[in-house]
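Right, one structure below, let's go through it.
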Amino acid sequence: MFIKETIVQNQVGLHARPATFFIQKANEYKSIIWISREERKVNAKSLLGVLSLGITKDTAVTISAEGVDEEAAVNGLIDLITSGFVETV
């Protein structure tokens with residue numbers, strides 16, 4: 001299992017559009033991926049799960065993954081969060 005923590009810095013947090021980008025990125029990986037806030041942990045590939053965490057600006061989140069590409073998955077999602085969810089083409 002590979003785990004990292006980060007702070008969500010973008011203005012709207014992990015809601016609507018950023019959450020969609022996050023889910024799409026998570027689904028690129030084969031590993032089982034979790035995102036947690038405080039004591040709640042949800043499947044990072046579930047839009048409803050991610051939205052249910054109510055992640056706002058300046059919220060600490062932990063990304064964990066288990067599987068063949070766990071390190072790439074966690075690092076990829078952390079990079080997306082720290083980029084402010086900038087759309088890449």
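Scanning the stretch 28-51 for residues that are among the basic types (Lys, Arg) and over 12 Å from the mean Cα position of the chain (by Cα), which turns out surrounded by the fewest Cβ atoms within 10 Å (Cβ to Cβ)? In this case the residue turns out to be Arg40. Considering only residues in the stretch 6-21 that are in contact with a strand residue (DSSP E or B) (Cβ under 8 Å, 6 or more places away or on another chain) and farther than 15 Å from Val42 by Cα, the one that is modelled with the lowest pLDDT turns out to be Gly13.
Taking the chain as the region of interest, the strands (runs of 3 or more DSSP E) fully inside it that hold 3 or more residues being in contact with a Phe, Trp or Tyr (Cβ under 8 Å, 6 or more places away or on another chain), touching a residue at least 60 places away in the same chain (Cβ under 8 Å) and not acidic (Asp, Glu) are 59-66.
The values are calculated or read from the model by the stated rules, or taken from the named source; none is laboratory data. Model, not experiment: these values are computed from the prediction. Cβ coordinates were reconstructed from backbone atoms using ideal geometry, including for glycine residues, and neighbour counts include every protein chain displayed.
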